[in-house]
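Below: the structure, in structure tokens.
The values are calculated or read from the model by the stated rules, or taken from the named source; none is laboratory data. Everything quoted here is computed from the prediction, not taken from an experiment. Cβ sites come from the backbone with ideal geometry, for glycine too, and all protein chains shown count toward neighbours. Quick note on the areas: whole protein, heavy atoms, side chains included, nothing else; ligands and nucleic acids left out. Shrake-Rupley method; radii C 1.70, N 1.55, O 1.52, S 1.80 Å.
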Amino acid sequence: MQITIAGHHTTKVGELWEKGLADLFQEAIGGSVKNAGIDSRQIDQVFVASKAPGEFNNQLHLNALVSQFFNHFPPSMRVEGACASGGLALLAAEQAILSGYCQTALVVGAEKMTDTTASNATRILAMAANHDAENGSTFPGLYALLAQVHTEKFKTSREMLSAVAVKNHTHALENPLAQFHREFTLDQVSQSPLVADPLRLLDCSPISDGASAVILTGRKMKNKPKILGFGHAQDALDLASRKDLTTLRATVQAAQKSYQMADVRPDQIQLAEVHDCFTIAEILAIEDLGFFDKGMGGRATLNHETKLNGKVVINLSGGLKAFGHPIGATGIKQVVYLAQQIEDERYKLGLAHNVGGSGATAVVHVVG
Amino acid sequence: MPVINKPVGIVAYGTELPSWSLSIKELEMAHNKEIGTVSNSLLVEQKTVPDFDEDTITLSTSAAWQALARAGITKNFGSKKISALFVGSESHPYAVKPSGSVVAGALGLPEELAMADLQFACKAGTQGMQICASYILSDFAKYALAIGADVAQAKPGDALEYTAAAGAAAFIFGSTNLLVKLLATSSVASDTPDFWRKSGEDFPHHGGRFTGKPAYFYHVIKSSKMLLKEMKLKAEDFDYCVFHTPNGKFPLQAAKQLGFSSKQLKPGLIVKKVGNTYAGSVPLALAAILDQAPAGKKIFVTAYGSGAGADSFVFETTDNLPKQRKKWQDFTLDKIKNLQPISYQQYARLTKDRYH
């Protein structure tokens, strides 16, 4: 059975002061149903992704909140896996369709993050780390440790990290839904305020509001993008329990599974939306996904091999860095972006890579 | 009362700043920030620091005293002629008991006085100016005194601390012998919780980036556009402009959005050297412009108050302003030039003394 992306919609991403969490869900759902051109009663099941609506918005029981947007109240459940919530919700829907439990599922993810202070948002996000083993840590701090190890072993330079941010901000200029439409130079990134050495402000993805939805179906549909493969893997939650900090093992394993299911090789992928929550995360991702040899991701980025018209185009949407990172929506908006590119016949084969925490959860999709 | 058809305006004004200043570099070092990162982002180099015994009442009194002295020089003006006083501030020393009664007593204003303290975050001073103009226009008062003053509060280490400063400006409104004519004014207000301090709390809270687009910019732009439309004027019809200065960046962006140039804005942009004096900021910036503007110049002013609202004004200087100014001294820029820099340690001690 093939899974088809019947419809999709992503909202504008940014500081959406005039929109609440429910507004974002409703807009993404309405947009995806309209895009699919189906009767919403055909949706058998709903999967909802959101990382921390309780902490950000004092709202839980999201499965019921979202089901209420439909006249027929479809069965609905919420999936949470930190920043990989969106990718995991897609997996849940795909497994439900492949098992025959349902035929058509809507997957929607949203996060409304800007109604609190930056320090509180940092505290909420840190709940995705190991509370006991990494108490007091922040995500910039954890990814800074990964960056330090990568730098020490592979001589990944400050300029290479900056090149990721520069590229993704340039790519985002063509994405009207992106949070930022502003170009930066390597120097501007390298000289932005220090957050956690070596990561600076412009190495970090922003705090964002936004939502994204896809309608997946096992029904046969022509001229619509398909989910060709998916993979999911886990690693230790805390960095101290990992065997190697120069690689995210969960990404490697999830990628292998998805390549195997889709029967494709990494060198066949033309376009990849990878989880660049920090610049070092993109460098790790493009190595772990098999696009570049281990230790060469930074150099490849600096050499423009991941830019538009490069060897493999990485984060054409702007990525988490410039498109934005409304956490629950992120894994879904990556797939939505690929689907749109394929529908527009700009690319034939794309990959989406969604990571939870500092790499404990990874979900990879191949779309074509 | 958008467009005003009767004579009303400023007959005298005065300012007051504390004696001390603290460079933002000192604060950056104290808070372990890279030097220049905060000041370059906020476009503020230093801020005034009040002494431990300075507050809204002392600063208001000194600013008003200069206004009265200047008025006295020009036309034998006495404090007894003032019959209305409004003191706008968000740091009134008492929750109950007006600052204005102490200020009035210190200045020797008559007891036949309409007087109240005002509070609307950073626009309390300009709201007082609008009320004073109304008193003159309605013949409730022949002369009315409006003061905007603050000893701005900020929690140590909070983003607000980099700019929270102290200062005051006072304006005597009347209908004859005007230095500056008030041609029009308008206001907007909405329930926008971007910045607040609850009763009993020492320091205000703020909504981070929410204080920008939906708060400051929404209200400043709306009020400004409303008045420009009402007056059938454009940005280029003005010689100077003033927008509330929580930092140096916001007024630049607001001016740009409305079509004003940095040349129009620069003479009033004293925030770079003074910091954010909250309710004192727009009144002080206007005073800095009046300290140098020739006759017949149009000034566009929009103040912003969190919570939130904005007051816009169109002023025009008269021949009287440069003529009288020759007799005055101790201008706003002189006060800025005379600020004495202190270290973070001295600043910390002054702050500790203030709150303990």
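Points worth noting:
- Residue among B:108, B:167, B:248 with the largest mean-square fluctuation in a Gaussian network model of chain B, springs linking Cα atoms under 10 Å: B:108
- More than 24 Å apart - percent of Cα-Cα pairs taken over segment A:178-336: 39 percent
- Taken over the Cα atoms of the protein assembly as shown, the convex hull encloses 170 Å³ per residue.
- Normalised by the number of residues in segment B:181-319, the average gap of Cα pairs under 8 Å and 6 or more apart makes the relative contact order 37 percent.
- Each Lys and Arg Cβ is given +1 and each Asp and Glu Cβ -1; about its Cα centre, segment B:181-319 then shows a dipole of about 460 debye.
- Note on exposure: A:132, B:55, B:237 ranked by accessible area (1.4 Å probe, complete protein assembly) read A:132, B:237, B:55, with the most exposed listed first.
- With contacts taken as Cα pairs under 8 Å at a separation of at least 6 residues, chain A carries a relative contact order of 26 percent.
- Efficiency of FRET between residue A:260 and residue B:249 - r from beta-carbon atoms, R0 56 angstrom, step 0.05: 0.60
- Expressed per residue, the C-alpha convex hull volume of segment A:11-80 stands at 94 Å³.
- Using the empirical formula 2.2 N^0.38 Å as the baseline, the Cα radius of gyration of segment B:79-144 reaches a ratio of 1.07.
- Crossing angle, helix A:327-343 versus chain A [Cα axis fit, 0-90 degrees, rounded to tens]: 80 degrees
- Magnitude of the charge dipole, the protein assembly as shown, Cβ model with Lys/Arg +1 and Asp/Glu -1, debye to 20: 1600 debye
- Heavy-atom accessible surface of residue B:139, to the nearest 10 Å², is about 120 Å², with a 1.4 Å probe and all protein chains retained.
- Segment B:289-352 and segment B:176-251: distance between their alpha carbon centers, rounded to Å: 16 Å
- The candidates B:240, B:135, arranged from most to least accessible area with a 1.4 Å probe in the full protein assembly, appear as B:135, B:240.
- Mean per-residue shielding of peptide B:207-216 is 4, counting Cβ atoms of other chains within 10 Å of each Cβ.
- Span per principal axis, largest first, for the Cα atoms of segment B:199-318 (Å): 46, 28, 23
- In the complete set of protein chains, residue-level accessible area for residue A:123 is approximately 130 Å², probe 1.4 angstrom.
- Projecting the Cα atoms of B:248, B:268, B:205 onto the dipole axis of segment B:181-319, where Lys and Arg carry +1 and Asp and Glu carry -1 at the beta carbon, places B:248 farthest toward the positive end.
- Degrees separating the helix A:279-288 axis from the principal Cα axis of chain A, which is the longest one: 80 degrees
- Relative contact order [Cα under 8 Å, 6+ residues apart], segment A:1-46, whole percent: 49 percent
- Simple label model, 7 Å out from Cα along Cβ direction - residue A:64 to residue B:263, nm: 6.5 nm
- Charge context of residue A:274, other residues only, Cβ under 11 angstrom, K/R +1, D/E -1: -4
- Fluctuation leader among A:68, A:26, A:256 - chain A, Gaussian network, Cα springs under 10 angstrom: A:68
- Expressed to the nearest 5 percent, the antiparallel share of DSSP beta bridges inside chain B is 70 percent.
- Calculated FRET value between residue A:188 and residue B:97, using beta carbons and R₀ = 45 Å, to 0.05: 0.30
- Cβ-Cβ FRET estimate between residue B:295 and residue B:198, R0 fixed at 45 Å, reported to 0.05: 0.45
- Only protein heavy atoms count here; on that basis, with a 1.4 Å probe, residue A:77 has an accessible area of about 90 Å².
- With every protein chain in place and a 1.4 angstrom probe, the accessible-area ranking of A:170, B:56, largest first, reads A:170, B:56.
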